[in-house]
Structure formats: C-alpha cells, structure tokens
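Okay, so here's the structure we're looking at.
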Amino acid sequence: LPPVVLHREGESTSFQIASDWALGFKGAARSFVDCLINGDQPDMDVEFCMKVLRAIIAACQSSETGTSVEPTRLTRTSQ
C-alpha cells in the first residue's frame, strides 16, 4: 500500500510521499535548528507534542484493554 491513503465518501485517494522514518528525524532536527537561528516558534511545540504523545499512549492502552481511551483524560500517572 502507499504510505498515505485517504478514505472519504466511499472513495480512496493514494499519496506517494517519502516514508522513511529517518527522514522525519532529520526534518525535525533541521526545523529545530532553523527556529533557534531565526528566533521562530517550532511547529511542534511542547503542547502539540504532548497531545501527540497522549494520542499514541491512548491508542496503545485501547489496544491492550479492548476499550476506548480518551487521550485528553490521560494524566502523567495514568501514562
């Protein structure tokens, strides 16, 4: 399958994009350094990263327990 498939209204659209996980790290590092040099705010600030992490943890917990897990209800102790 292609790296990204969008399913909407009964139709599927495929997207061929770079999918090597290492490219994500390289891009994030490059963006971080550019933001430091230019004094910009990164796209993925701490708050955004915490939301992403909560979503991943919720998906893992849901898979383990077979129940739905609301990411916004996760706390530091429940993670």
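The values are calculated or read from the model by the stated rules, or taken from the named source; none is laboratory data. Computed from a prediction, not measured in an experiment: that's the story for all the values here. Cβ coordinates were reconstructed from backbone atoms using ideal geometry, including for glycine residues, and neighbour counts include every protein chain displayed. Surface areas here come from the heavy atoms of the whole protein model, side chains and all, with no ligands, DNA or RNA. Shrake-Rupley method; radii C 1.70, N 1.55, O 1.52, S 1.80 Å.
Below are the figures for this structure:
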{"item": "Matching residues, the stretch 18-52, being acidic (Asp, Glu) and part of a helix (DSSP H, G or I)", "result": "Asp34, Glu47"}
{"item": "Residue tally, condition among the basic types (Lys, Arg) and more than 25 Å from Pro3 (Cα to Cα), over the stretch 23-79", "result": "2"}
{"item": "Pairs with Cβ under 9 Å, 6+ apart, first in the stretch 61-72 and under 14 Å from Lys51 (Cα atoms), second open to solvent by less than 70 Å² (accessible area, probe 1.4 Å) and small (Gly, Ala, Ser)", "result": "Val69/Ala58; Val69/Ala59; Val69/Ser62; Glu70/Ala58; Pro71/Ala55; Pro71/Ala58; Pro71/Ala59; Thr72/Ala58"}
{"item": "Tabulated pairs, the stretch 22-38, first in contact (Cβ under 8 Å) with a residue 12 or more places away in the chain and farther than 17 Å from Cys49 by Cβ, second open to solvent by 100 Å² or more (accessible area, probe 1.4 Å) and part of a helix (DSSP H, G or I), C-beta under 6 angstrom, 6+ apart or interchain", "result": "none"}
{"item": "Filter result (part of a loop (DSSP other than H, G, I, E, B) and in contact (Cβ under 8 Å) with a residue 12 or more places away in the chain) within the stretch 8-17", "result": "Gln16, Ile17"}
{"item": "Selected residue (only one of Gly24, Gly39 is open to solvent by less than 60 Å² (accessible area, probe 1.4 Å) and either under 29 Å from Leu74 (Cα atoms) or of a type outside the set (A, V, I, L, M, F, W, C) (or both))", "result": "Gly24"}
{"item": "Test: residue in the stretch 13-30 that is among the small types (Gly, Ala, Ser), modelled with pLDDT of 90 or more and under 29 Å from Glu70 (Cβ atoms)", "result": "no"}
